[in-house]
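This report refers to the structure that appears directly beneath it.
The values are calculated or read from the model by the stated rules, or taken from the named source; none is laboratory data. Keep in mind the model is a prediction, meaning the values are calculated, not measured. With ideal geometry, Cβ positions are generated from the backbone for all residues, glycine too; neighbour counts draw on all protein chains shown.
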Amino acid sequence: MGLHELTLRNFRLFHEYRFHPDLTAVTVFLSPNGTGKSTVLEAVYALATASSFRTNSAADMVRAGETGAEVHGVLFHRDRRVQVDLTLTRGVRSTQKRMLINGQRPQSRAELAEALPLTVFTPEGVEVIRNGPEQRREFLNHLMNDVDPTTSPLLERFTRVLSQRNAVLRRIQGRRATTSERDEIEVWTTDLAETGLELVGERESLLGNLEPLVNQYYRALADDGQPVALGYDRSWTGDLLDALRQSFEDDVARGHSTRGPHRDDILVTLNHRDARRQASQGEQRSLALALRLAGHELVQQRRGVDPLLLLDDVFSELDPIRSDRLLQLLPVGQTLVTTAMPLPTKMKPASIIDLTSGRQ
């Protein structure tokens, strides 16, 4: 499995750019900041997820002054050729995204995860331990789909039900709900509790499988034997359906659902200490890297494939010792790296691309 070719058109600062990364080794983009290094990795990420790791606005990915952008990727799954195409069309109010896999619209994110599983390391991702719960939930959701793409419909169903319940709550916000509105809310509440419990079960199972791998990688990265534990912190107690019913008045006042998997968190502890509040900055970064490496290995174990590795300016956030340890732990396979700094001495890339000159 690997990315054979990537083509960008009117994507951020690029009018058109095409490159062929090494299929089995490290390709490095080494050039000053502002030359588009992260943009290339963002485009690869967009092919795999139909989203960006840099922005929540699809319009940001369209080159200034243009109405649309394109990203085309050619992949190989053993002997099978797969083409993934993303088209962004900027409108007055929103930007439309259109994904195709071998000319057909994917039915779910599962098809994207099947086509191009990847693991991304970014400076923001290295902060996943001390940032808010949203980033940890996002990490877990993406990993769940990459480990088992068949879970994608569950997450999509939960997201749809939550959106419907919140729409009704916003509609009646600030006034007393009618009988018919209460009945409508009850339907969505029941569905939210059912899909929510199923989603939580998948998340908790994933964390249980992830924990021993995180311990293994943390020990290697930090040269530290302190135990790491991963816990799932629910935003409610008791039965979810009861909790949703009890929070109805508060939900109406706020205009959104205040209980459920969309409000949950992952509790990471280091030697029984809350890593978010009590771990040092170096410990937090080692834990964040251990989470990514553990997730990557879990995908390898479960699916028998090597996800594409993206390392976007990560070494600027690490001291030389942690950089060398990370390099030693990176799995064999296709890897794309960006940096504006000299490469770590132990990195041996197959090719180096300078985007300021176009030379490779």
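Among residues of the range 243-262 that are on the phi < 0 side of the Ramachandran plot and in the same structural domain as LEU140 (by TED's automatic domain parsing), those with a beta-carbon under 6 Å from a residue that is among the acidic types (Asp, Glu) and not in a loop (DSSP other than H, G, I, E, B) at least six positions away or on a different chain give the pairs SER257/ASP251; THR258/ASP250; THR258/ASP251. Residues that are within 15 Å of VAL74 (Cβ to Cβ) and touching a residue at least 60 places away in the same chain (Cβ under 8 Å) were ranked within the range 41-55; the one that is nearest to the chain's Cα centre (by Cα) is ALA48.
A residue that is in a strand (DSSP E or B) and acidic (Asp, Glu) occurs somewhere in the range 80-94. The lone criterion from (1) assigned by TED's automatic domain parsing to the domain that holds LEU3; (2) out of contact with any Pro (no Cβ under 6 Å at 6 or more places or on another chain) left unmet by ALA288 is number (1). Among the residues of the range 303-360, which ones are farther than 17 Å from THR122 by Cα, small (Gly, Ala, Ser) and modelled with pLDDT under 85? Selection gives GLY333, SER357, GLY358.
Considered as a group, the residues in the range 159-189 that are part of a loop (DSSP other than H, G, I, E, B) and not β-branched (Val, Ile, Thr) include one that is surrounded by the most Cβ atoms within 10 Å (Cβ to Cβ), and that residue is ALA177. Apart from one condition, GLY73 fits all of (1) of a type in the set (Gly, Ala, Ser); (2) surrounded by fewer than 17 Cβ atoms within 10 Å (Cβ to Cβ); (3) touching a strand residue (DSSP E or B) at 6+ places or on another chain (Cβ under 7 Å); (4) not in a helix (DSSP H, G or I); the exception is (2). Which pairs do you get when a residue that is closer than 15 Å to PRO212 by Cβ, found in the range 289-300, comes within reach of a residue that is assigned to a helix (DSSP H, G or I) and charged (D, E, K, R), reach meaning Cβ atoms under 8 angstrom, with the pair 6+ apart or on two chains? Here the result reads GLY295/ASP146, each pair linking the range 289-300 to a residue that is assigned to a helix (DSSP H, G or I) and charged (D, E, K, R).
Looking for something modelled with pLDDT of 95 or more, of a type in the set (Val, Ile, Thr), under 30 Å from SER286 (Cα atoms) and more than 20 Å from the chain's Cα centre (by Cα) - is there at least one such residue anywhere in the range 217-228? Yes, the conditions are met somewhere in the range 217-228.
A single entry from LEU210, LEU192, LEU206, LEU199 fulfils the requirement of being buried (at least 16 other Cβ atoms within 10 Å of the Cβ), touching a strand residue (DSSP E or B) at 6+ places or on another chain (Cβ under 8 Å) and assigned to a helix (DSSP H, G or I): LEU210.
Each residue in the range 108-158 was checked for being closer than 30 Å to GLU186 by Cα, buried (at least 19 other Cβ atoms within 10 Å of the Cβ) and of a type in the set (Val, Ile, Thr), and 1 pass. Name the residues in the range 3-15 that are under 30 Å from GLY304 (Cα atoms) and surrounded by fewer than 17 Cβ atoms within 10 Å (Cβ to Cβ), would you? Matches in the range 3-15: HIS4, GLU5. On the basis of being under 27 Å from ASN33 (Cβ atoms) and crowded, with 20+ Cβ neighbours inside 10 Å, does GLN334 make the cut? Yes, satisfied.
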